[in-house]
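The values are calculated or read from the model by the stated rules, or taken from the named source; none is laboratory data. This is a predicted model, so every value here is computed, not measured. All Cβ positions, even for glycine, are placed from backbone atoms using ideal geometry, and neighbour counts span all protein chains on display. Note: areas computed on protein heavy atoms with side chains; ligands, DNA, RNA excluded. Shrake-Rupley method; radii C 1.70, N 1.55, O 1.52, S 1.80 Å.
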Amino acid sequence: MSERTPAAVTAEHNPLRDPDDKRLPRIAGPCSMVMFGVTGDLARKKLMPAIYDLANRGLLPTGFSLVGFARREWADQDFAKVVHESVREHARTPFREEVWRTLAEGFRFVPGSFDDADAFTLLARTVRALDEERGTGGNHAFYLSVPPAWFAPVCDQLQASGLADQQPGSWRRVVIEKPFGHDLASAQELNAIVEGVFPPDSIFRIDHYLGKETVQNLLALRFANQMFEPVWNSHYVDHVQITMAEDIGIGGRAGYYDEVGAARDVIQNHLLQLLALTAMEPPIAFTADAVRAEKEKVLASVRLPEDLDAATARGRYTAGWQGSEPVPGYVEEEGVDASAHTETYAAMKLWVHTRRWAGVPFYLRTGKRLGKRVTEIAVVLKRAPHLPFTDTATEELGQNAVVIRVQPDEGVTMRFGSKVPGTQMEVRDVTMDFGYGASFTESSPEAYERLILDVLLGEPPLFPRHEEVELSWRILDPIIDHWAASDTPPQDYPAGTWGPPCADELMRHDGREWRLP
Ligand code: BG6
């Protein structure tokens, strides 16, 4: 159930507004967020700025409080300084002194390690004091932005200190960041630990791709319109390509990335979620249970091709150029184990064994240090069964496609054939674009803003359930095991290109090619 109480909350701001108006912004009820791992990159670049942006948009309740927890001897003011720096550097909305001052009044810091019982006793005291001083109402979200090895100790301590206890009339929620394990067995273990402490509907697993505007628009595009669904099946669709290309390398994240690789890092979560949303049946409602149930059916119906050598590809970037900058190869990055076969590029072909998608391959690819940063879902249609233009030049006529541009140029492109102007009949591909920037004046919120607000509101449709996480590992585990058993290392590709030759081979084998986004 949502904590959305427009009558109570918005009436306080403007009693003349209709509280049932669905266009009213959703405002969280009284609450606090406790953040573990506030010294990490994610907290600094995304989470703390998102909280400020929410406050700046007026979407946090009066009295909202943020409690930082880390192994630092900081006072509340030191923590406030750290948040201030991160907001000044990374927030998306303009800095407003009065918003900042009001927000900062609710900052508290608790020093301690993630398994220190005394520190959790202090945390429990701090949180209780906030209820009294700032009216947070016993509603507290615990954001675990910590390495997975710490999930269990933090959950244990939350339980032992009574912080996880659900009190009548208030809520306690936990937010966990990926990676949710490194294979099926570890994911199951992790889920058992977290679900042993928090009830399933109080657990929010973050997949930040689901917070992206365009990813949600996929549902609007498919299910709010009449023109796409009729062709969204194997009668008309030839294949689907889902691309998540990054131009960055691994930065300072070797410690994390070197043990993970591209497939675990983003295919297990972001790309398989995009596949599920693209392929799912219409949910009966936009409720958490209905949407997740449909996504789970898709993930449960994914099948791998028999020949995994032909149907998958992996690569690793070598030194090259990113724009006009020379960049090092993966094995030259600081902290990387050159002998490990970590892939920075992964591609695979998957089948979705349902009536709707029988015989339609889904190609997924992702990589670091590719030609440019772009994420898109391209639904490529079959060719027209008959072309009546016998004397017409149609060599430049490709296949129709609907391309959902997830980022950075958010929108949708339709590709179709059109007559070239002139006295001759010549047909060539053209594109028709919808761009968010051109059609709306509102800017899209950052994914983390949307997701943090949903946590505070208690609205779970955009958070994967544990079944989805486990089904995704079920898909990926055999591929990763296959790669691990192989003697061949990932194939090289120079930074700034579009991946290793074996990825092109994967497509050529099927008589297709990757789109050049
Ligand atoms: C994260 C991955 O989940 O997503 C990173 O761990 C990746 O490796 C990042 O760079 C990409 O996110 P975005 O929103 O910039 O596409």
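The listed peptides 37-45, 134-142, ordered by packing as a protection proxy, come out as 134-142, 37-45 (highest mean of other Cβ atoms within 10 Å first).
Taking 8 Å as the Cα distance limit and 6 or more residues as the minimum spacing, I'd like the relative contact order of the range 65-173 as a percentage.
Details: 102 pairs, mean separation 31.7, N = 109.
So the answer I get is 29 percent.
Each of Gly499, Ala288, Ala262 was scored by the projection of its Cα onto the charge dipole of the chain, and the greatest displacement toward the positive side belongs to Ala288; charges sit on the C-beta of Lys, Arg, Asp and Glu.
Peptides 179-192, 450-463 ranked from most to least packed give 450-463, 179-192, packing being the mean of other C-beta atoms within 10 angstrom over each peptide's residues. In this rough spin-label picture, where each label sits 7 Å from Cα along the Cβ direction, the Thr39-Gln166 distance is 3.5 nm.
Each residue of the range 231-247 was assigned a 3J(HN,Hα) from its phi angle through the Karplus expression (A = 6.51, B = -1.76, C = 1.60, θ = phi - 60°), giving 9, 7, 6, 5, 5, 10, 8, 7, 6, 10, 10, 10, 10, 10, 9, 10, 8 Hz with x at Gly and Pro.
Pairs of Cα atoms nearer than 8 Å and 6+ residues apart set the relative contact order; for the chain it is 17 percent. Our summary gives the range 113-195 a relative contact order of 34 percent, counting only alpha carbon pairs under 8 angstrom and 6 or more residues apart. Each label point was placed 7 Å from the Cα along the Cα-to-Cβ direction; for Met432 and Ala300 their separation is 3.8 nm.
Taking the DSSP beta bridges with both ends in the range 402-447, the antiparallel portion is around 100 percent. What does the net charge come to around Ala313 if you take all other residues with beta carbon closer than 13 Å to its beta carbon, with K and R at +1 and D and E at -1? So the environment of Ala313 carries a net charge of -2.
Note on Trp321 and Ala290: their simple-model spin labels are 5.3 nm apart, each label 7 Å out from Cα toward Cβ. Considering the range 201-282, its Cα convex hull presents a mean projected area of 7.9 nm². Peptides 217-225, 153-161, 479-487, ordered by how many other C-beta atoms sit within 10 Å of their residues on average, highest first, read 153-161, 217-225, 479-487. Out of all Cα-Cα pairs in the chain, roughly what percent, to the nearest whole number, are more than 44 Å apart? So the pairs more than 44 Å apart make up 19 percent of the total in the chain. When the P(r) is computed for the range 81-142, the part past 16 Å accounts for 58% of the Cα-Cα pairs. Estimated from helical segments only, the mean residue ellipticity of the chain at 222 nm is -9500 deg cm²/dmol, where each DSSP H run of four or more residues counts as -39500 (n - 2.57). Estimated from the Cβ-Cβ distance and a Förster radius of 51 angstrom, the FRET efficiency linking Glu334 and Phe440 is about 0.75.
Of all DSSP bridge pairs formed entirely within the chain, close to 55 percent run antiparallel. Heavy-atom accessible surface of the chain, averaged per residue, reaches 45 Å², computed with a 1.4 Å probe.
Listed by chain and number, the lysines whose C-alpha is less than 19 Å from the C-alpha of Lys178, apart from same-chain residues fewer than 8 away, are Lys45, Lys46, Lys212, Lys295, Lys368. Between the residues Leu308, Val237, Phe463, the greatest Cα displacement towards the positive end of the dipole of the chain, with unit charges on the Cβ of Lys, Arg, Asp and Glu, is found for Val237. Above 24 Å, the calculated P(r) of the range 149-270 contains 50 percent of its Cα-Cα pairs. In the range 227-370, taking the dipole from charged Cβ atoms about the Cα centre, the farthest positive-side position among Ala347, Ile248, Gly359 is held by Gly359. Lys81 contributes about 130 Å² of solvent-accessible surface, heavy atoms of the protein only, 1.4 Å probe. Dipole check for the chain: with +1 at the C-beta of Lys and Arg, -1 at the C-beta of Asp and Glu, and the Cα centre as origin, the magnitude is about 1080 Debye. What FRET efficiency would be calculated for the residue pair Leu516, Ala129, taking the C-beta separation as r and a Förster radius of 60 Å, to the nearest 0.05? Efficiency, rounded to the nearest 0.05: 0.55. Of the accessible area of the chain, computed with a 1.4 Å probe over protein heavy atoms only, carbon and sulfur atoms account for 52 percent.
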